[in-house]
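The values are calculated or read from the model by the stated rules, or taken from the named source; none is laboratory data. This one's a predicted model, so the numbers in the text were calculated from it and none came from an experiment. When we count neighbours, we look across all protein chains shown, and the Cβ atoms used for this are built from the backbone with ideal geometry, even at glycine. Ligands, DNA and RNA are excluded from the accessible area calculation, which covers all protein heavy atoms including side chains. Shrake-Rupley method; radii C 1.70, N 1.55, O 1.52, S 1.80 Å.
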Amino acid sequence: DSIARQYRVNEQIRSPRVRIIGEDGEQLGVLTLDQALQMARQSSVDLVEVAPNADPPVCRLLDYGKLRYLYSKKERESKKGQKNTELKEIRFRPNIGTHDLEAKLRKVREFIDDGSKVKLTVRFRGREAVHQQLGLSVLKRIADDMKEEVRLEKAPSAEGRTLYMILIPSAPKGEKTEKKAEDLANAEA
């Protein structure tokens, strides 16, 4: 839609003489703007300026509404193919209980199954900051529990009073086996 808006249509065209291209792509020659507009009205289509910087500007006879529709359709199709991965954050404390950890792990699995990246953060308060190894052990325990489902994007690293790591979904098992089969086939060929 944003692409289609930049075209000048019908009365918006300012040049007194324009080169006309018909609906089928054939050249109709250079005409005055009034003649071109009349020709467009007779064919019940719009006069769309497609090359404003040419001398004289090039205009095409086509249905402008249809053009805008096709552009918006193309834009929607291209957006469909894009995968929007979000970064979700789950916070832990270094001395988290086992049941609390399991509950948060379920939430992490839920986010990973949705295809989101997950940032696991361990926050230290007060004198807890001295015992960074406790936070590291929490992150390692989570990584070990989920090693089948996730890949490590960013290894555990400290930033001030927080320790964090980022997990991303690993490729589905079906894709891995297909890829291995393709590699084998290519190696044999």
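Just in the range 103-156: which GluC sites (Glu not before Pro) are loop by DSSP and have at most 14 other Cβ atoms within 10 Å?
E148, E149
Which three semi-axes in whole Å describe the equivalent ellipsoid of the range 57-174, each the square root of 5 times a Cα gyration tensor eigenvalue, listed largest first? Could you put the intermediate results ahead of the total?
Working: eigenvalues 417, 54, 25 Å².
Value: 46, 16, 11 Å, ordered largest first.
Filter the cross-link list K80/K147; K104/K154; K107/K140; K117/K154; K80/K104; K88/K147 down to pairs whose alpha-carbon distance in this structure exceeds 21 Å. Display every interim value, and only then the final one.
On the way: K80/K147 30 Å; K104/K154 19 Å; K107/K140 17 Å; K117/K154 11 Å; K80/K104 31 Å; K88/K147 18 Å.
Long pairs (Cα-Cα over 21 Å): K80/K147; K80/K104.
How large is the accessible surface per residue of the chain, computed with a 1.4 Å probe and reported in Å² as a whole number?
On the way: 12910 Å² over 189 residues.
The answer is 68 Å² per residue.
Per-residue HN-Hα couplings for the range 101-108, Karplus 6.51 cos²θ - 1.76 cosθ + 1.60 at θ = phi - 60°, whole Hz, x for Gly and Pro?
Here the 3J(HN,Hα) series is 4, 4, 5, 5, 4, 4, 5, 4 Hz.
If the chain between D113 and A171 were fully stretched, how many nm would it gain, using 0.36 nm times the residue separation less the Cα-Cα distance?
Details: separation 58, 0.36 × 58 = 20.88 nm, distance 1.10 nm.
Answer, rounded to one decimal: 19.8 nm.
Starting from the Cα-Cα distance between L152 and R17, subtract it from 0.36 nm times their residue separation and give me the gain in nm to one decimal. Kindly include the intermediate steps, with their values, before the conclusion.
On the way: separation 135, 0.36 × 135 = 48.60 nm, distance 6.31 nm.
Taking L152 through R17 to full extension adds about 42.3 nm, to one decimal.
Pull out the extension gain between L134 and E159, defined as 0.36 nm times the separation in residues minus the alpha carbon to alpha carbon distance; nm, one decimal. Numbers along the way, then the final one.
Values: separation 25, 0.36 × 25 = 9.00 nm, distance 1.54 nm.
Length difference between fully extended and current span is 7.5 nm.
Distance in nm between label sites at N53 and L87, each 7 Å beyond Cα in the beta-carbon direction?
Calculated label separation equals 3.8 nm.
Set the Förster distance to 22 Å, then compute FRET efficiency between R41 and K80 from the Cβ-Cβ distance, nearest 0.05.
Working: r = 37 Å, r/R0 = 1.69.
E between R41 and K80, to the nearest 0.05, is 0.05.
Whenever you get a sec, compute what percent of the accessible area on the chain sits on carbon and sulfur atoms (1.4 Å probe).
47 percent
Quick one: helix 173-188 against the long Cα principal axis of the chain, what's the angle to the nearest 10°, folded into 0 to 90?
70 degrees
Net charge near D55: determine it from the other residues with C-beta under 11 Å of the C-beta of D55, scoring Lys and Arg +1 and Asp and Glu -1.
Numbers: positive: R17, R19; negative: none.
Net charge around D55: +2.
Could you work out how far helix 33-42 tilts from the main Cα principal axis of the chain, as a 0 to 90 degree angle to the nearest 10?
80 degrees
Jot down the per residue volume, in cubic angstrom and as a whole number, of the convex hull over the alpha-carbon atoms of the range 75-120.
56 Å³
Convert each backbone phi in the range 56-68 into a coupling constant with the Karplus relation 6.51 cos²θ - 1.76 cosθ + 1.60 (shift: θ = phi - 60°), then list the ³J(HN,Hα) values in order as whole Hz, x for Gly and Pro.
x, x, 8, 10, 10, 8, 7, 7, 5, x, 5, 4, 5
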